[in-house]
Amino acid sequence: MLKKLSLRMLLPLLVSMGLLFLGTAQANHVLRVVPVVATVVDDTVVAGMASGNEGATRNVDRLPEDLSSYIPMPMPFPEKKSALSRGVDPDLLKRAVVYDPKTGKETPLEASALSGSMAPVMQTLASLGREGVASILENGDDKLENFTDIVPVGNTHEYPWRVLTKLFMAFPDGNYVCSGTLIQPSYAITAGHCVNNGDGGAWAGQIVVVPGYRDGWAPYGTATSTGLLSFSGWVDQGDFNWDIGVVRLDRAIGSATGWHGFGYTTDRNWYLTTVLNNGGYPAESAYGFNGQTLFYRYGYNDGFFSDLPKQAYFLKASWGGHSGSSEYVYYPSSGARYVYAILSISDRSTITGCATMDGNQFNAIRNWTGASAPAAADLTPLYVFAKSIGASDGRQMEMTYLVHNASSAAWSGTVTAGVYLSDNENISRADTRIQKHTFQASFSPLSSVEVRVPLVSIPESTPSGTYYLGVILDMDDANPANNDSDGQDAGKIALPN
C-alpha cells in the first residue's frame, strides 16, 4: 500500500526535482577528498642543509593547557530593544567590521556583492518564490512541530557532527567558551558576542576553534584565529539583531572535517516552516552542563521578537557556552547543510533567540571569506600520519597525508614531495630527507586528496626516541610558505630500542 504523502514530506522532494524555488541565497558547501597512491622515486637519505635555519613553526597552537580557566560566555537576554529604536542610521548598522588580532586594527568592510577569485566557486541559488520548505531531519522524522529537548551526541568524530566546533576565547577580562560551525576550511561562524563584547567593547585577542570536540579531545586538532568579523550594529551599538561573528583560521582544519554552507532568505515564514538543526556545547555547571559534550536538537522556530525583528525564537532554553551554535537546514537530496541563523540569546528556561542572516551579512561574509583565497593553485600538506608495518623493529611504515588546495583555481598534474625525518615539529629542508615520491591528482577549488605512501623506511642508523615525519611539496604555487606539514600536521612517531 502506498503511504499517503503530506505536504511536509513532498516539499523536500519538490526541491530536489527543481520544481519549487526558495526565497534564499546560499554559499556552496563542499568536501572533496580523493584517495591517491604515491610512487616512490628516490629513497636515498639526504642530510639536511648545513645552515639549519628552519624558520618559524606554523600550526603549533593546541587546546589551552588549563581548560578549567575557560568559563561559559554569559548567555545574554537583554531588554529586547533594537538600535533602530534609538534612531541609529540603519546603514551604519549593516557595515561589516574586520579585526586583526595581531595589529589590533579595525577595518570597515563595505557590504558589496561577491567579487574576486572566489566568485565562480561560491555560486548562489537565487529564487523566484516565497514558500517555505520543510526539510527532512538528520534522523528522518517528519512529524515534529516544535524544537526537541537537547540530546548528547556520542561520536563527534563523524560527519556532520565534526563540522560543529567548540571555541576557546581569550578576552581582556578573562577566558570564555562558545560554540560555532565551520563554513569553509579556514572559517567558522559564531555569535558576534563570542568575538567582540559589543557596544564599543573589546575584541577577543585569540580564539582557538576545535571541530568535533569531546571530553578534552580534539580529534582533528585545533586552529587559531588570524582575523575576526562582525557588524557595526553589534560592535558599536550592541544590537542583538546583528549578533553574528566569523573567525578566520590559521589552518585549513575543515579540509578533513568538511563544512556547512551558509544562506539567507527574505521570507520570515521560512524560519517558521522549515525544520532547523542545532548543535552546541552548553557549559553552565549550575544547569548540569560541563561543556565537554556536544548536544543536538531540531525543530521549527516559533516566531520573531517584535522588538528584535531579525531574531527568530523557539520555546526551549539555551545556556552559557551554547552561544554561537548555528541553526542549519539539511537537504537530503544533495546531503548539503546550510547555516541560516546563529544562537544569540536565551532566558535559560523558556526561550532562545537566533540572529538570522540577511542579504547584507551574507554578501559581506562571502566577500571577506572569498577574498582570502588565491587565484592560482595553493597546495598545502596536512595531517601526516604514519604507522609501523611488517618489520618488528618498527622502522618500516605506511604513511598518509592530506593535500589541500586552498585556492579558487582548479589544478591537475604530478606533484613531487619529499618525506623528512625531524626531531621537532618544524619540518624544513634542514631536516633529513628520507624519501622522494610523486603522485598525480586533480584538484577542484577548496578540495583535497589523501595521499597514501605504501612504504617509508626510517634509516637504521637513527637512534631510538621520538621523531616527526613531515612532507614538503616541491612546487612553486601561490604560497610556497605553506608547502610543509608543520606543527600539528607533522606525524609523531616513536622508534623502539
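Dividing the convex hull volume of the Cα atoms of the chain by its residue count, what figure in Å³ per residue is obtained?
Given the Cα convex hull of the chain, per-residue volume reads 170 Å³.
Between the stretch 42-86 and the stretch 281-304, what is the C-alpha centre distance in whole Å?
24 Å
How much length, in nm to one decimal, is gained on full extension between ALA371 and THR273, taken as 0.36 nm per residue of separation minus their Cα-Cα distance?
31.9 nm
Could you count how many Lys pairs in the stretch 67-371 have their Cα atoms under 19 Å apart, skipping same-chain pairs fewer than 8 positions apart?
Total qualifying Lys-Lys pairs in the stretch 67-371 comes to 7.
Taking the chain as a whole, which cysteines find no other cysteine Cβ under 4.7 angstrom from their Cβ?
Result for the chain is CYS354, no neighbouring Cys Cβ within the cutoff.
Points 7 angstrom from Cα along the Cβ direction at THR57 and VAL33: gap in nanometres?
Here the modelled spin labels are 2.5 nm apart.
Pairs of Cα atoms under 8 Å, at least six residues apart: use those to get the relative contact order of the stretch 411-467, whole percent.
So the answer I get is 37 percent.
Measure nothing but the geometry: give the 0 to 90° angle between the long axis through the Cα atoms of 7-16 and the longest principal axis through the Cα atoms of the chain, rounded to 10°.
40 degrees
Testing the spin-label approximation: label points 7 Å from Cα along Cα→Cβ at THR416 and ARG86. State their distance in nm.
6.2 nm
Given a Förster radius of 45 Å and the C-beta distance between ASP66 and VAL46 as r, what FRET efficiency does 1/(1 + (r/R0)^6) yield to the nearest 0.05?
According to the calculation, E is roughly 0.60.
Measure out, as a whole number of angstrom, how far apart the alpha-carbon centroids of the stretch 154-175 and the stretch 440-497 sit.
One Cα centre to the other: 27 Å.
Efficiency by 1/(1 + (r/R0)^6): what FRET value for ASP173 and THR350, r their Cβ-Cβ distance, R0 = 35 Å, to the nearest 0.05?
0.75
Values in this text are rule-based calculations from the coordinates and carry no lab data. The structure presented is a predicted model; accordingly, all values stated were derived computationally and were not measured. Using ideal geometry, Cβ is built from the backbone for each residue, glycine included, and neighbour counts are taken over all protein chains shown.
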